[in-house]
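Right, one structure below, let's go through it.
Each reported figure results from applying straightforward, stated rules to the coordinates on display, with no laboratory input. Nothing here was measured: the structure is a model prediction, and the numbers come from that model. For neighbour counting, all protein chains shown are included, and Cβ atoms are generated from backbone atoms with ideal geometry for every residue, glycine included.
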């Protein structure tokens, strides 16, 4: 009889955000598959959890995945976690989930923290419908073209960005979305959490004035909302 793959959301910053269910599952499974064993081990140690960990990330997913699937086929229980937040959202966890389901393995979500939901809840923009587009393309031309396609959807847009690319991405957002206010959420739930609403050009000037730090979640509201119509 096959085991169970638990997809476990973990804190994006503040450890108090972890759920009681997540802690129970992390204690009870046979192994925790994680992007960075050091980061996950720090989380487990904080809560006095001693479950073994194994790495599962972008560069070993094709070799480690089959190993985990064999364990699941043998009846083992495995928790899949990302470095922070909900697995499968902008990380390689989706591949393991897909292959487990294809193999008839029971997949159980253990919901919890998500930077997308956290940013939207505090942004003050319509969230009855929205598009999450992960990380924007690296190449400038593709980045601008992607933003133009997103603008045509006329709905709230959410993207992630890293500190070393946020200036270039904000410049592209300013080019495509003009004066529309943009909400930038940085270091959500952490000590230096910052949520700022401004135009993309204003954000760009602020970002250029200092060295961007932390992980960014960028929310662009729909044009109709911001036009006051």
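Size descriptors for segment 4-110, from the alpha-carbon set: Rg then Dmax equal 12.5, 35 Å.
Model label points for residue 168 and residue 197, set 7 angstrom from Cα along the Cα-to-Cβ axis, are 3.1 nm apart. Can you work out D for segment 115-227 in µm² s⁻¹ from Stokes-Einstein, where Rh is the Kirkwood radius over C-alpha pairs, the temperature is 25 °C and the viscosity is 0.890 mPa s? Roughly 178 µm²/s, to the nearest whole number. Gain on full extension, evaluated as 0.36 nm per residue between residue 46 and residue 89 minus their Cα-Cα distance, stands at 13.0 nm.
Return a whole-number percent for the relative contact order of the chain, with Cα pairs under 8 Å and 6 or more residues apart as the contact set. Dividing the mean separation by the residue count of the chain yields 21 percent. In the chain, the calculated helix contribution to ellipticity at 222 nm averages -11500 deg cm²/dmol per residue, counting -39,500 (n - 2.57) for every DSSP H run with n ≥ 4.
Mind running the shape call on segment 57-184? Use the C-alpha gyration tensor, a ≥ b ≥ c as the square roots of the eigenvalues: rounded below 1.5 for a/c, prolate if a/b tops b/c, oblate otherwise. Because a/c hits 1.5 or more and a/b exceeds b/c, segment 57-184 counts as prolate.
Its alpha carbons give the chain an Rg and a Dmax of 19.3, 58 Å. Among 108-116, 60-68, sorting by the average number of other beta carbon atoms lying within 10 angstrom of each residue, highest first, gives 108-116, 60-68. Highest mean packing comes first when the peptides 34-41, 95-102 are listed by Cβ atoms within 10 Å, giving 34-41, 95-102. The stretch between residue 129 and residue 73, if pulled fully straight at 0.36 nm per residue, gains 16.3 nm over its current Cα-Cα span. Fully extending the segment from residue 138 to residue 14, taken as 0.36 nm per residue of separation minus the present Cα-Cα distance, adds 41.7 nm.
Judged by the mean number of other Cβ atoms found within 10 Å, the most tightly packed of the peptides 211-222, 75-86 leads the ranking 75-86, 211-222.
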